[in-house]
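Just below is one structure, and these are the notes that go with it.
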Amino acid sequence: MDVIMPQMGETVAEGTLTVWHKKVGDTVSSSDVLFEIGTDKVEMEVPALADGVLTEILVAEGDTVAVGTKLAVIQGEGEAAQPAAPKPEASQPAAISTAPLKERPTRDRSMKLSPVVRKLLAENNLAHTDIVGTGRDGRIKRGDVLAYLKAPNAAPTAPFPAEAPGAVSGEGITVVPFSYRRKMTAEHMVRSKSTSPHVLQAVEVDFSAVNKARAKIGPDWKAREGYSLTYLPFIAKAVCSAIKEFPHINAHIEKDHLVVFDRVNLAMAIDLNFEGLVAPVIRDADLKAVTEIARATNDLAKRARADELTPDEFANATYTITNNGSFGTLITAPIINQPQVAILSTDGITKRPLVVEQDGEDMIAIRPVGILAQSFDHRAIDGSYSGAFMRRVKEIIEGKNWVESVS
C-alpha cells in the first residue's frame, strides 16, 4: 500500500512532514500513528490505515510536499515487495534505507516528540518524564505540556527560557532557531508587506454604551459561561454591521480584480501562549448576535491552544480582527492577512478624560476609551473609504443600545 500526503482541508495544497513515528522495518497496524504533518496553522497525526510492514520511507522529516505525494510504502501480509524506484546514491538519505534497521533499539512511543513539544519542554526546563501524555500510546502532545504548566502543583520553571534544541550560544547571546510555525508566520508576514501597500488609520472610541451592557449582563454571563464577556464581541458585531455599508472592506484582491464577498467570515487572531499566532474563522459572523460571537471566539481560542483546530477552520476568511487589548497597548499597526484588504487592531480600553457635550455645554468626563486601528491595502481602497468605514464602526459602538440588543 502506498502512503500518500493526505488532504488536510479543502484549501490546503501542501504540508510539511514533521515527525515519523515508525521506522523502516517496523510492523504497523491500521490504528498506529504513522507520522505527523503540519501547516503554518495546525499539526495533525496520521494513522497507518493498513496492517503490514513499513518497507520504504520516501520523504524525510522536515520536507514540504504537495497533497497526493507518495510518502512511504506499507507491505501487507502476503503482498510481494515492490522494488523501489532507483535514486542517485548521493541524494539518498541514510534514514530512508529500505533495509530494516534491526540494530536500533525499540523506543518508547511516548518519547517521539514533535518539534513544538520539544521546544516547550526546553523553554520551561521540563523533562518528558514530567508529563503524562494523552496522545496515542501515551505520546506527549503540546496541550499536555500546557496543561501541566497551568496545574497548581506544576514544578517551577527556569527563571529564563532555556536554550531551545539546536540553539547556538556565545558570550552574552543565545541564538534560538525559529520553530516551524514561526518560520511560516515570518514568510507570510514578509510576503504581505511586500505585496500590499499598507496604510494605517485609527479612531478613538468611547465604550460607555458597551460598558452599560457588560455591567448589566456580565456577572450572569460569567457565572453561566465560565468566562468574561469582553469588549471584543461588541467590536466584532459593530465591524460586521459597518461592512454591510462599506462592502469593499470585505474583499480579496485577485490579480487586477477586487472580489467582494456577501458573507462576512471573520478571522480572529489568537495568541498561542507566545508560541505564535493563528487566525481561525467565525463563519457568517454578520448573522450572529454578540453573545454568539463571544461563544464562537472563546471556543476557537480554547481549541487553538489545545491544537484541536482543523485546517478548514482557517479557510475563506474575508476580514481579520487582532486583539492586543489585554496587554494594555495603545495602538497597533497590524499586517494584512493576505489576500484580504484590511485588518483591524483592538487595543487597551482604559478610563480617560474626554470632552463631551451636555445640554449645549462642553464638559470633561471620565469615560472608557480605546483606539481601533485599521491597516488597509491602498491598491483596493482609498483613505476616504477606509476612514468612512472606521467612522461608522465608531458610531455604532458609541450609539447603539447594546443593553437592549444583547439582553
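The values are calculated or read from the model by the stated rules, or taken from the named source; none is laboratory data. These figures come from a predicted structure and were not determined experimentally. Positions of Cβ are backbone-derived with ideal geometry, glycine not excepted, and every protein chain shown enters the neighbour counts.
Only residues that are surrounded by fewer than 18 Cβ atoms within 10 Å (Cβ to Cβ), of a type outside the set (A, V, I, L, M) and out of contact with any strand residue (DSSP E or B) (no Cβ under 8 Å at 6 or more places or on another chain) were counted across region 360-399, and they come to 7. Quickly run through region 27-75 and pick out the residues that are over 19 Å from P311 (Cα atoms), part of a strand (DSSP E or B), in contact (Cβ under 8 Å) with a residue 60 or more places away in the chain and charged (D, E, K, R). Result: K70, single match.
Considering only residues that are part of a helix (DSSP H, G or I), surrounded by fewer than 19 Cβ atoms within 10 Å (Cβ to Cβ) and on the phi < 0 side of the Ramachandran plot, look in region 123-143 and name the one that is modelled with the highest pLDDT. So, considering only residues that are part of a helix (DSSP H, G or I), surrounded by fewer than 19 Cβ atoms within 10 Å (Cβ to Cβ) and on the phi < 0 side of the Ramachandran plot, the one modelled with the highest pLDDT is D130. Consider region 289-306 and keep the residues that are buried (at least 20 other Cβ atoms within 10 Å of the Cβ) and under 13 Å from the mean Cα position of the chain (by Cα). The one that is farthest from A147 (Cα to Cα) is T297. Say whether the condition of being surrounded by fewer than 18 Cβ atoms within 10 Å (Cβ to Cβ) and under 20 Å from the mean Cα position of the chain (by Cα) is met by at least one residue in region 339-352. Checked against the condition, which is being surrounded by fewer than 18 Cβ atoms within 10 Å (Cβ to Cβ) and under 20 Å from the mean Cα position of the chain (by Cα), region 339-352 yields at least one hit.
Return the residue satisfying two criteria in turn: it lies in region 184-229 and is of a type in the set (S, T, Y) and within 23 Å of the chain's Cα centre (by Cα), and of such residues it is modelled with the lowest pLDDT.
Among those residues, the one meeting the criterion is T185.
Filtered by the rule that a residue be farther than 25 Å from G38 by Cβ, buried (at least 17 other Cβ atoms within 10 Å of the Cβ) and of a type in the set (A, V, I, L, M, F, W, C), region 252-288 gives I253, V264, A285.
Identify the residue in region 211-251 that is over 18 Å from T297 (Cβ atoms) and in contact with a Leu (Cβ under 8 Å, 6 or more places away or on another chain) and, among all such residues, is surrounded by the fewest Cβ atoms within 10 Å (Cβ to Cβ). I'd like the intermediate steps shown before the answer.
Filtering region 211-251 for residues over 18 Å from T297 (Cβ atoms) gives 211-212, 215-216, 219-220, 223, 242, 244-251.
From what's left, in contact with a Leu (Cβ under 8 Å, 6 or more places away or on another chain): 248, 251.
Working: H248: 17, A251: 22.
Per the stated criteria, the residue is H248.
Of all residues in region 311-326, at least one satisfies being assigned by TED's automatic domain parsing to the domain that holds A388, assigned to a loop (DSSP other than H, G, I, E, B), without any contact (Cβ under 8 Å) to a residue 40 or more places away in the chain and closer than 20 Å to K193 by Cβ. Is there a residue in region 6-16 that is of a type in the set (A, V, I, L, M), on the phi < 0 side of the Ramachandran plot and in a strand (DSSP E or B)? Within region 6-16, not a single residue is of a type in the set (A, V, I, L, M), on the phi < 0 side of the Ramachandran plot and in a strand (DSSP E or B). Determine, yes or no, whether A294 is in a loop (DSSP other than H, G, I, E, B) and either assigned by TED's automatic domain parsing to the domain that holds A209 or not charged (D, E, K, R) (or both). Here the answer is no, as A294 does not meet what is asked.
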